[in-house]
Structure formats: structure tokens, C-alpha cells
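Down below is the structure, laid out as C-alpha cells.
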Amino acid sequence: MTVLDYDATTFADEALAGFVAAHSELRAVDGGIVRRAPLADGCVSLVIGGGSGHYPAFAGLIGTGLAAGVAYGNIFASPSAGQVHRVARATERGGGVVLAFGNYAGDVLNFGQAAERLRAEGVDVRVIAVTDDIASGAVGEESKRRGVAGDLAVFKIIGAAAEAGFDLDRVEELGRRANARTRSLGVAFSGCTLPGADRPLFEVPPGRMSIGLGIHGEPGISEADLPTSPELAELLVGRLLDERPEGAGDRVVVLLNGLGTFKYEELFVLYGHVARLIGDAGLTIVRPEVGELVTSLDMSGVSATLFWVDDELEGLWAAPASSPAFRTGSVEDAVTETEEARVESTAPADDPRHAAASPRVVRGLEQVRDVVLAAEDEFGRLDAVAGDGDHGIGMSRGITAAVVAARAALDRGAGIGTVLADAGEGWAENAGGTSGALWGVCLTAAGGSLAAEGDPSSAGASARAASAGLAAIQRLGGAEVGDKTLVDAFAPTVDELDRASSAGLPLADAWAGAAEVAEAAARSTAEMRPRLGRARPLAEKSVGHPDAGAVSFARITGVVARATAADPTSDDRSAERDRA
């Protein structure tokens, strides 16, 4: 496996020391590595681990939105219970610990013993063994299956949920749901060789491939003639689709994983065939990953993973993460405890009125999410009349990520401006397309406006925030009234909020009127001809159908109106404050 001459007994330790030296955001502890910047108090800690020899797993998956610590064993060997225990103690901050790892006997034993020790010390611990490898257990015996490249999907969901501030019960449930929806299968064209060894752990005859191998040098369960790339794609995809989880939908994350020396260009060739077959099966691919994810030293091989997501899992998969080997979205640089305190001290949450408003904003976003997810197909059909039909999907992705980001900001004690700014960033990063960018700047601008208000719960504050959001959208997108976009519903909504505020109406009444105006304005776009965007070349086809963006905006305005009416703090006092 190695070109230079190494002492096999110290190879793993030396590799780990060099890895930590290369990543200043991490630090070594007795038993593994942890984030240098500690978790916030009360946050769930995710500790992963297993043997070395699998990079990027496991050391490369420590960081924001992923693991808080990694217990690191020798080549292909589980870390000891003591190692796992010490890493968990170094990361635990009062929210409990999730121990997650691939389902191998040594890992099950050692992580299980560590969990018992932690529980005896008063730490709440949950244990999740990943079981995605379909070759290592029959249907109905999933608990016997090994964990392979599906580790990444499960770890990412657990890490994102913990980063969002979910409690331990919720984090565990999401991790188990992700594991139940993940299936993997791998093949090898040659075995791997341990450092210091003079021959591979197993060999594959020339012109043949091994099917169903493990990542610890275990040979496959069968052999077949070496296929073409399209034939290999048919084998992998066909077997994985045969094990579609019960109740799974039609959206899947695809992981195509090189096992060591099956490199990127060849992976991309194979992925093209995989993607075509999945599309032919009526499935939609969500944020695929192609590359080396879980390797086996120098093995020549490849594995495919399908992770069937629901809306919540998709939002968590798309949530920002930053680690040495896996990055997605936008994550702020890690800061020291002193810097964290300074940031919090300047947040708008210092104003008690802003602190009171932030939870209501997050609840409102959650209600918007529920409505948007329910209407995803409807929005997509409207958009498909003269567009690309992705408006429903984009809105669902955006609001799901926005809720995760807003909830995380709220749990940090952020004020209303920060909550909405983080929600906007989450929306923009994960929705994609024009609507994602527009809703991102809208939420950010509205949040900035509300943060500057003495009382963000007044009708006047709502009117000014809506106006700021509209202005941001028009600056970025360039749309005007009459272009058949969401601006055609947004602009009259702002006018109605301004009118209601000037008339001294209560906040709930102002939003009720605004919702009616938005709904009527959205319907009126049916007779317009689009002058911007992808629908413009099909302007005549669009006539008779309302604009999808205007319809979704009106639906969201209705949610805000209902939430405001149900809020006991929204009464005539807000109108009185505006008049004063």
C-alpha cells in the first residue's frame, strides 16, 4: 500500500498526528481528535469512529455540521472503549452524546461499553450502528448488515440535527430514520494491502470483479466477469432499487464512492450511467456526492449508495457543513469562546422585545414550511406550464433549510434580525435557482429592518420590513410590476400593509387585509404575459395560468396572516403604539 518503508505498528498514530498538524481547527485528545472550538452548552455531541485506513472516514468528517469528535483505531481496527469514552467526555456539553459507527463486531462491542461507562457517569448516550450494506445481510435481517459508505449519509443527518440544536431524542430519531433509508453495494477489482505487508488481503482474478466486498479487506460474496461501465451501473442501481425502503418517496441522495484507487474521472463516467438509470426509474437525485468518501487503503473498487430522503432529511442533508473532507453550504469560520461571547453580546436579542419576537418568527417559518411542502407539486405544475417545473422543489428545499438555520440561530439566543438573516442564507444556499436567491435576500432585508425597530411586532414595523424585502428582491432580480413574477403579488401587498398601518389598524387586521390583496393579485397574473425569466420565450403558453412565484408568495402571506391572528400579543396595542 505504501511506497516508503513504515513501521506498521505506528503508521496509524503517525498518520493521525500529521492530519491534526495539517488542520488547526482540530486538536488531538487521548483516543482521537475533537473540534478545537467547543460546542455550545446544551448541544448534542456526535462522536463517530472506527479503524483508520478509510479516509475521508472517519477523521475527515469532524467539523461544523458533522462530528464533534472522532475515536480513531488502528488500521481496520475498532477504537477501544476507553478511547471512545475519552473522546465523548472531551466533547460532551450537557445535551447528551450520540455514538455512531459502522456495524462491525469490534465497534459494536467497544462503543457499547463506552456508552455504559458514560451512562454510569450520568451522561445520556444513544448508540447508532450504520447498516447500509445490502450484501452483508438478507432482507429482514438488516440489523446484521455492515456499515460502508452510507456512514456519511447517517453521520451528516445526525450532525446537522445536532448543529441545529435539536434535543437528543430528536437527533437519535433522525439518525435512525436516515439509516433505515440508506442502501449501499460495492464491487472490487483488486484487494487492499496493509502498511508493511507484502501482499493484498485478497486477490481478484484478472478479468473478474468481486461483488459485495467489505471495507476492511473482506472479499466479496460472489464474482463476475469485469463489466463495462454501463453494465456496472445496471448491476449497482438494479440491486439497490430492489431494496427500496418501505414508504420511501421518489427523491434520493446518490453517493458514488471510490474505494482507494478507482479515481475521479472514472467515477464521473460511471456516475453518468448511474444517474440516467435512476432517472429512468422515476426518481429525482438530490445533491449527489461523487468521490472518495469511505475508502479501504489502496483497494481498486467502487460502491454506490442510495439514501431515500423525505423533506426533513433532505433539508438536513443540504444544511451547511464544514470538515476537512466534506463541505456543503456556507459555514462561518470557527471562533474562540471569547469571540463567541463578543458576537452574542452585540446581537439584537439584548432587546427584550426582539427576544420575544424571535420564537414567533421561527414558529411562523415552520408553519410556512408545512404549507409549502404540502403545495410542492402544485407549485411545480404551475411552473411547468412555461418554465422548468422546479419551483415547488426549490421552495421546499429553501424553506426547509431556512427553518433549520433559523432554529439554530434562535437556540443561540439570536435576535430577530439574525434569525431571519440566517434563515435567508439557508434558503439561498439550498433552494437553488432564482427563487432561492430572491427569498434569501428578502428574508435578510426584512430581518435587518425589523432589527432596527423599537417594536418589531407593530403593524408599522411589518410594513417597513415588507417594503425592505420587496426592494431587495427588485434590486437583485430587476423585476417590476407587470413582468408576471412574485413582484406582482408582493408590491400590492406592501401597499396594503402601508395603508393599514397609516390607518392605525391592528397588526392582525393589517396582515389579514394584505393576505386578501396578495391572493387576488396572484390570481390576476393569469392574464399577464411574462417579460422576465425562463417563461418569457413561452409567453403565450403562460397566458391563462397564474405565476407560480406569485401564487407561492400569496400562500406564504396567508400563513403570516393566520399566524398573526393566532398570536395573543397581536392586539390593538400595536396600533396604539403606531399612532403614538
Open item on the list: At a threshold of 8 angstrom on Cα-Cα distance, excluding pairs fewer than six apart, so keeping six or more, what relative contact order does the chain reach in percent?
Closed with: 10 percent
TODO: Go through 240-253, 469-482, 548-561, 159-172 and give me the packing order, highest mean Cβ count within 10 Å leading.
DONE: 548-561, 159-172, 469-482, 240-253
Open item on the list: Per DSSP helix of 4 or more residues, -39500 (n - 2.57); summed, then divided by the residues of the chain. What does that give at 222 nm, rounded to the nearest 500?
Closed with: -16000 deg cm²/dmol
Open item on the list: Nothing charged except the Cβ atoms of Lys and Arg (+1) and of Asp and Glu (-1): what's the magnitude of the dipole of region 396-510 about its Cα centre? Round to the nearest 20 debye.
Closed with: 240 debye
- [ ] Could you work out the Rg to Rh ratio of region 217-325, with Rh taken as the Kirkwood radius (inverse of the mean 1/r over all Cα pairs)?
- [x] 0.97
Task: Neighbourhood net charge (12 Å Cβ-Cβ; Lys/Arg +1, Asp/Glu -1) for S229 - done: -3
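Write down the accessible area per residue of the chain in Å², having rolled a 1.4 Å probe over the full set of protein chains.
Spelled out: the 1.4 Å probe surface of the chain, per residue, equals 40 Å².
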- [ ] Give me the angle, in degrees from 0 to 90, between the Cα long axis of helix 416-431 and the longest principal axis of the Cα atoms of the chain, rounded to the nearest 10.
- [x] 60 degrees
- [ ] Determine the share of region 1-114's accessible area contributed by carbon and sulfur atoms, expressed in whole percent, with a 1.4 angstrom probe.
- [x] 54 percent
- [ ] Considering the options H54, A67, G106, tell which one lies farthest towards the positive end of the dipole of region 15-111, charges being +1 on Lys and Arg and -1 on Asp and Glu at the Cβ, about the Cα centre.
- [x] A67
TODO: Positive end of the charge dipole of the chain (Lys, Arg +1 and Asp, Glu -1 on Cβ, about the Cα centre): tell me which of A149, P219, P38 has its Cα farthest that way.
DONE: P38
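Given R₀ = 22 Å, FRET efficiency for R170-A566 by Cβ-Cβ distance, to 0.05?
Calculated value: 0.35.
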- [ ] Report, in debye and to the nearest 20, how large the dipole of the chain comes out about its Cα centre when Lys and Arg carry +1 and Asp and Glu carry -1 on their Cβ.
- [x] 260 debye
Open item on the list: For the pair V108/E378, report the inter-label distance in nm, with labels modelled 7 Å from Cα in the Cβ direction.
Closed with: 4.8 nm
Open item on the list: Could you tell me the calculated FRET efficiency between D30 and E121, based on Cβ-Cβ distance and R0 = 25 angstrom, to the nearest 0.05?
Closed with: 0.90
Open item on the list: Please list, in order, the residues from region 194-215 whose amide nitrogen is less than 16 Å from a point placed 7 Å along the Cα→Cβ vector of L4.
Closed with: 195-196
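Roughly how compact is region 209-263, stated as its Cα Rg over 2.2 N^0.38 Å to two decimals?
Ratio of Cα Rg to 2.2 N^0.38 Å: 1.30.
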Task: Rounded to 10°, Cα long-axis angle of helix 352-374 versus longest principal axis of the chain - done: 70 degrees
Task: Under the Karplus curve 6.51 cos²θ - 1.76 cosθ + 1.60, θ = phi - 60°, whole-Hz ³J(HN,Hα) for region 402-410, x wherever Gly or Pro sits - done: 4, 5, 4, 5, 5, 4, 5, 5, 4
Task: Ordering of 513-521, 17-25, 401-409 by burial proxy (mean other Cβ atoms within 10 Å per residue, highest first) - done: 401-409, 513-521, 17-25
Task: Folded to 0 to 90 degrees: helix 433-451 orientation relative to the chain principal axis, Cα - done: 60 degrees
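Can you tell me the order of 111-122, 47-58 when each peptide is scored by its average per-residue count of other Cβ atoms within 10 angstrom, highest first?
Ranking, from highest mean packing down: 47-58, 111-122.
The values are calculated or read from the model by the stated rules, or taken from the named source; none is laboratory data. The shown structure was predicted, so the numbers you read here are calculated from the model rather than taken from an experiment. Using ideal geometry, Cβ is built from the backbone for each residue, glycine included, and neighbour counts are taken over all protein chains shown. With ligands, DNA and RNA removed, areas are computed over all heavy atoms of the protein, side chains included. Shrake-Rupley method; radii C 1.70, N 1.55, O 1.52, S 1.80 Å.
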